[in-house]
Amino acid sequence: MDIDPTEYRLSRELRGHDDDARGICVCGNVGIATSSRDKTIRVWSLDPSNNRNYDTSKILLGHTSFVGPLAWVSPDEEFPEGRIVSGGMDTRVLVWDLRTGEAVQTLKGHQSQVTGIALDGSDIVSASVDCTLRRWRKGQPIESWEAHKAAIQSVIKLPSGELVTGSSDTTLKLWRGRTCVHTFVGHTDTVRSLAVMPDLGIISASHDGSIRLWAITGQVLMEMVGHTSIVYSVDSNVSGLIVSGSEDCFAKIWKDGVCIQSIEHPGCVWDVKFLENGDIVTACSDGVVRIWTVNNNKIADLSELESFASQLSHYKISRKKVGGLKLEDLPGLEALRLPGTSDGQTKVVREGDNGVAYAWNLREQKWDKIGEVVDGPDDSMKRPILDGLQYDYVFDVDIGDGEPVRKLPYNRSDNPYATADKWLVKENLPLSYRQQIVEFILQNSGQRDFALDSAFRDPYTGSNAYVPGGSSNMYATSSKPTFKHIPKKGMLVFDAAQFDGILKKILEFNSALLSKPEQKGLSLTELEVSRLGAIINILKDTSHYHSSIFSDIDVALLLKLVKSWPIAMIFPVIDLLRMIILHPDGATRLLKHVDKSVWHLLDTFFLLLTRFSHPFYLFFLNCGLGHVPFPSLILCLVEFGFNFLFHCGLSHAPFQSLILELSFDECCYSYSVLLIESKDQEGQSQVLSAALEIAEAENLEVDSKFRALIAIGSLMLEGLVKGIALDFDVENVAKTAKASKDTKIAEVGADIELLVKQN
């Protein structure tokens, strides 16, 4: 086949984003829009006087977390400069007027991160990690359905009118309306990105490292393999070219199934798009958007090309590995001042930008230079190096207790007890860790049938190694990593109440209503006052909770007060409700009423929270502690609380804002335990999403972030949503937390990072 030898070269770098550039949207021939982890969308307009230059014309602010997919709506009479549709990790879809830069519609409904946007005529179709597709028309939801059993990562519309989705379940699905007419099976990991291949079919990019071209019938027409990591994005051009972007830091250009060019970047390539003129746009994790061209008149000048080469070189040096270890981690030439321990012992040191191997010459007592260590395709199979010495293994050991991760070297020929003893002394750690370290070594080196040498003597006691509960033939048990703060165990319970004071306050408010003719109709009757007294007597008698019962009239009375009384008078009623939740019969009866009117209650509580957040949040915390859990209320609270906290709560007075933060994060903190115990994946997913939002939010109290991170770690460790957390890019959240100056934030960040590494 003929392959066009023309290569793409850098044309322009667009700088402005403060964090990863995540998504790209081509706005006809007038410019492009890009999304970022910095929570913004930037619109770059083409300079009409210079077709190489793009300038930032708009910065769109409105998302509360990182922004992902984008779509461009062409101009019409109402919006003469067109619109942008964006989806974010904050679960919302926003529609922007490009003339004003303002959001004109906010579409709420998804329960998790929005991962895909497609335009179907005047309708917007959005996809989400919550496994659903939602259709929106004129700002209103029209329909939604579960399209996959795992997170949806992408959605596109075909020229023939069908929709195609790609999912973490490894499949693509073809949709006519809400009917799946075909499931495409072939990828072995998440389908991350989709694109239309003109006149041929559908292109898919996958975490399995491959790109596939499919016919509409489901037949695989072509498979393209060349990336060495996750392929995040793919796009096609009418010329027949395909471009892909990957975690491996390359954008690759394909023709007829063959990679004809690889463009290296100083970071992960999150998204790639063709412009109408055939140029390519890439979005990189270094925050820079780059345009690449084959047009010699648009190639960047020499200084720009040199600058990019310097960025690339610096990035490669920072990532370069020798023998499985980063070059920058190798010791310098000063390591050769120490003599070797045996003839032929090798040591690798850093010389400039290279790793150089030396061997110890025992007879002449010097290090002989062997030569430069050059990485090859099978470099990952080489023995790892620590302090210039080669080992079979170099383990990362997290001791916990806020300690940094330590490096533990080990050779299979070594005695694990001797290795553990020497390492604990070197690291100045307690010898009580000895057995745990030995089991860790055996588990991670695959030596499950290790037999202890009877001749071995403990260097400290002079006796054979002691193996608790076993003989000298020791079989390692599975060793679990140690976490400092997770999982979260137990939930907060608020079971104390001043019942006499509550009744007194309710009667005081009732008297106030009776004194006002216009509100007299809201007051309690003598019978209702009597029933309140009976309710309180039942709640006071905790020794008979197992046998005492309420009537439906009792619960209906309290809910009537919540719905009808003035907001300022409701808080003592909420206090009674939070105590009823802890009563077996009360919880059961309340559940029947609440599930029927949950959103009405939340509307009321929305107003109540602005004035009296404390009893409100104690009520919701107790919702997860009663003898009958309140799943509907819990899930509604997560959505309600998140929207309120981030859109209203932070504008309150500082003290009130603090209460709001602590209220909501405490709920996430405790509900994570409840939902783990009940194995409720949907609930876990919603609490995870909310907790991630708190963890990523700026200017929140340390305690709020700490509790949110605890919830995230617990849900990942013991819940059912670790995969969803990884799709949410929890690794970045963990790294940010680990870098915190606050000790406990850094510690729980390290816990979550260890969980991510286990994956």
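The values are calculated or read from the model by the stated rules, or taken from the named source; none is laboratory data. On a predicted model such as this, the values are computed, not experimentally measured, just so you know. Ideal geometry is used to build each Cβ from the backbone, glycine not excepted, and the neighbour counts take in all protein chains shown. Surface areas here come from the heavy atoms of the whole protein model, side chains and all, with no ligands, DNA or RNA. Shrake-Rupley method; radii C 1.70, N 1.55, O 1.52, S 1.80 Å.
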Exercise. If S313 passes every condition in (1) in a loop (DSSP other than H, G, I, E, B); (2) of a type outside the set (D, E); (3) at pLDDT 80 or above but one, which one does it miss?
Worked result: (1)
Exercise. Does L98 satisfy the condition of being within 23 Å of G287 (Cα to Cα) and crowded, with 20+ Cβ neighbours inside 10 Å?
Worked result: yes
Exercise. Within the group K138, K108, K149, K157, which residue is among the basic types (K, R), under 30 Å from S210 (Cα atoms) and out of contact with any Cys (no Cβ under 8 Å at 6 or more places or on another chain)?
Worked result: K157
Exercise. Within segment 492-540, can you find the residues that are open to solvent by 60 Å² or more (accessible area, probe 1.4 Å) and charged (D, E, K, R)?
Worked result: D495, D500, K504, K505, E508, K516, E518, K520, E526, R531, K540
Exercise. For the subset of segment 28-55 comprising residues that are closer than 15 Å to E81 by Cα and more than 29 Å from the chain's Cα centre (by Cα), which member is surrounded by the fewest Cβ atoms within 10 Å (Cβ to Cβ)?
Worked result: N29
Seminar exercise, completed: Within segment 72-131, residues being assigned to a strand (DSSP E or B) and of a type in the set (D, E) number 4
Seminar exercise, completed: Those residues of segment 140-161 which are open to solvent by less than 20 Å² (accessible area, probe 1.4 Å) and not in a strand (DSSP E or B) amount to A147, H148, A151, L158
For this session: Could you tell me whether segment 678-685 includes any residue that is charged (D, E, K, R), under 14 Å from the mean Cα position of the chain (by Cα), surrounded by fewer than 21 Cβ atoms within 10 Å (Cβ to Cβ) and under 26 Å from C131 (Cα atoms)?
Result: no
Exercise. Going through segment 219-244 one residue at a time, which ones are modelled with pLDDT under 90 and either surrounded by 15 or more Cβ atoms within 10 Å (Cβ to Cβ) or aliphatic (A, V, I, L, M) (or both)?
Worked result: G226, I230
Problem set entry | Candidates L14, L61, filtered to the one that is open to solvent by 50 Å² or more (accessible area, probe 1.4 Å) and within 28 Å of V733 (Cα to Cα) | L61
For this session: For segment 721-743, name all the residues that are assigned to a loop (DSSP other than H, G, I, E, B) and surrounded by 17 or more Cβ atoms within 10 Å (Cβ to Cβ).
Result: V721, F728, D729, S740
Exercise. If you go through segment 518-539 one residue at a time, how many are assigned to a loop (DSSP other than H, G, I, E, B) and touching a residue at least 40 places away in the same chain (Cβ under 8 Å)?
Worked result: 0
Exercise. For segment 245-269, how many residues meet the condition of being within 24 Å of S313 (Cβ to Cβ), of a type outside the set (K, R) and open to solvent by less than 30 Å² (accessible area, probe 1.4 Å)?
Worked result: 13
